[in-house]
Amino acid sequence: AAGLFGAWLILLLGKFAAEEVYQRGAHGEPGYVVEVASAEASAPAENAVDFTEVMASADPAAGEKVFRKCSACHKIVDGENAVGPYLHGVVGRKVDAAAGYAYSGALEKVVDVWTPENLSHFLEKPAAFAPGTKMGFAGLSKIEDRANVIAYLESLGN
């Protein structure tokens, strides 16, 4: 027992000595300041790609290949819902218009109609675009992939 109490006493005295030697906030003003560029200023300017230009050159056949990722949860047959709502005629459709599908309500707070631009923003990162959405997909980071998928969905008709 004496050894245990002795070790505990040494621990407490060591802690007390360390706090006295290394006091936080008691060092005064810094001798010199190293200036660092902010992250915003040092970040390279991204080449902003115009979505309408990418959409104009989109390839529906390539979009059909990318759509395979989506087909795990979505069907393209009109009225046939799966884990997600059917996507036949989705381009230009009201966001909560798939009959028989129970939406979370998160999309209705962000947009009204699925324009190609709205679809692109949503497909980039669904959870960031509409927080609370039921769609658990991580997203399509390449703008070309998003444009191709949208062109494919558009080619299916309304």
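Nothing in this text is a laboratory measurement; each read-out follows from the coordinates by a stated rule. This structure is a prediction, so every number in the text was calculated from the model and none was measured. Here the Cβ is made from the backbone with ideal geometry for all residues, glycine too, and neighbour counts use every protein chain on show.
Brief remarks on what is shown
- Output for the stretch 70-95, where each listed residue is surrounded by fewer than 16 Cβ atoms within 10 Å (Cβ to Cβ), touching a residue at least 12 places away in the same chain (Cβ under 8 Å) and more than 16 Å from Leu107 (Cβ to Cβ): Gly79
- Single match in Ala106, Ala147, Ala98 (criterion: touching a helix residue (DSSP H, G or I) at 6+ places or on another chain (Cβ under 7 Å) and surrounded by 15 or more Cβ atoms within 10 Å (Cβ to Cβ)): Ala147
- Test for Ala127: is it free of Cβ contacts under 8 Å to residues at least 40 places away in the same chain, in contact with a Ser or Thr (Cβ under 6 Å, 6 or more places away or on another chain) and surrounded by fewer than 18 Cβ atoms within 10 Å (Cβ to Cβ): no
- Those residues of the stretch 103-156 which are in a helix (DSSP H, G or I), of a type in the set (D, E, K, R) and closer than 20 Å to Ala72 by Cα, in sequence order: Glu124, Asp145, Arg146, Glu154
- Positions within the stretch 62-79 being of a type outside the set (D, E, K, R) and part of a helix (DSSP H, G or I), in sequence order: Ala62, Gly63, Val66, Phe67, Cys70, Ser71, Ala72
- Taken across the stretch 124-138, residues that are farther than 17 Å from Gly84 by Cα and of a type in the set (Ser, Thr, Tyr) do not occur at all.
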